[in-house]
Structures are given as C-alpha cells and as structure tokens.
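Single-structure report; data block below.
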Amino acid sequence: MAEPDSAGERGSAPAEFILVGLLLTALTLAVLQFGLAMYARNIVQDAAVEAAFHAALADTSDAEAEHRAHEVVTAALGHDTIEWALVTRMSMNGVDMVKVDLGATYPLVGFFGISAGSVVTAHAPVESAG
C-alpha cells in the first residue's frame, strides 16, 4: 500500500489561512461600511424631520430650519454631510405643509463617497396661530 505524498501539501495551510483571512476581513469591513452608510442615512432622515417640524413653527424661517438640519447632522456624525437643502411650503389636501428635502453624501469608504447620493424627504403640518 502506497502512502500519500504529503510533500505537495506542505505550505498550503499558511496560504489558505491568508486567503481566507483576507476574504473574511474584506467581508467584515464591507458589513461595517454598510452599517455606517445606513447610520448616516438615518441621521440625515432624522435631520430632515427635525428641520421640517422646525420650519413648521409659526415664528421660524426656512433658513433657520436648514441651519437646524445642519446642526443635527454635525452633532451626530461629527461633521456635516448635507450637500443641499430645499424647504418648500405647500398645501396637501387643504392642509398647509412644509416639505424638506436634504441631499447628503452617501459614504462608500469611511465618510467619503457619492456627493448627494442620498436624498431624503420629510413633511410637517404648518403651525397656525389662533
């Protein structure tokens, strides 16, 4: 009975370990980056809602609402990712509304990514005096 030749198998374990380790590291980093992107998008969505409700107050301007959105994002992420903001006053089914659209950087590598790659919208009813 011939014994299997293990000379051809020498050194394959370290090579396999490196290949599998690189694959698992890349997969882990991809999952973490996806989590960061979803977190950043949720922060921008919350900022849009906050800005919409702020703009709906009777004594505030659209510029103050936009500034509020920038404040919320900066406080949560440490820097501002909002590229543009659009505050629109409109009527929906007879109710005066404020619509806030925010375009933010969608992070692909760290916080660097597609400029205005994430666009979110929020609505709020306008406060009426009396």
Item to check | Boolean, Ala75 is touching a Pro at 6+ places or on another chain (Cβ under 8 Å) and closer than 21 Å to Val120 by Cβ | outcome: no
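Okay, residues lined up against (1) over 13 Å from Ile43 (Cβ atoms); (2) aliphatic (A, V, I, L, M); (3) surrounded by fewer than 17 Cβ atoms within 10 Å (Cβ to Cβ):
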site	(1), (2), (3)
Gly78	no, no, yes
Thr81	no, no, no
Arg89	yes, no, yes
Met92	yes, yes, yes
Val95	yes, yes, yes
Leu102	no, yes, no
Checklist entry - Restricting attention to segment 48-68, which residues are buried (at least 16 other Cβ atoms within 10 Å of the Cβ), over 18 Å from Ala129 (Cα atoms) and touching a His at 6+ places or on another chain (Cβ under 8 Å)? => result Ala65, Arg68
Checklist entry - Does Ala69 fit the bill of being more than 12 Å from the chain's Cα centre (by Cα) and small (Gly, Ala, Ser)? => result yes
Checklist entry - When you look at Leu24, is it in a helix (DSSP H, G or I), surrounded by fewer than 11 Cβ atoms within 10 Å (Cβ to Cβ) and modelled with pLDDT of 95 or more, yes or no? => result yes
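Can you tell me which of Gly94, Gly78 is within 20 Å of the chain's Cα centre (by Cα) and among the small types (Gly, Ala, Ser)?
Details: Gly94 fails: within 20 Å of the chain's Cα centre (by Cα).
Gly78 is the lone residue from the list that is within 20 Å of the chain's Cα centre (by Cα) and among the small types (Gly, Ala, Ser).
The values are calculated or read from the model by the stated rules, or taken from the named source; none is laboratory data. Quantities reported herein were computed from a predicted structural model and do not represent experimental measurements. In this analysis, Cβ positions are derived from the backbone assuming ideal geometry, glycine residues included, and neighbour counts consider all displayed protein chains.
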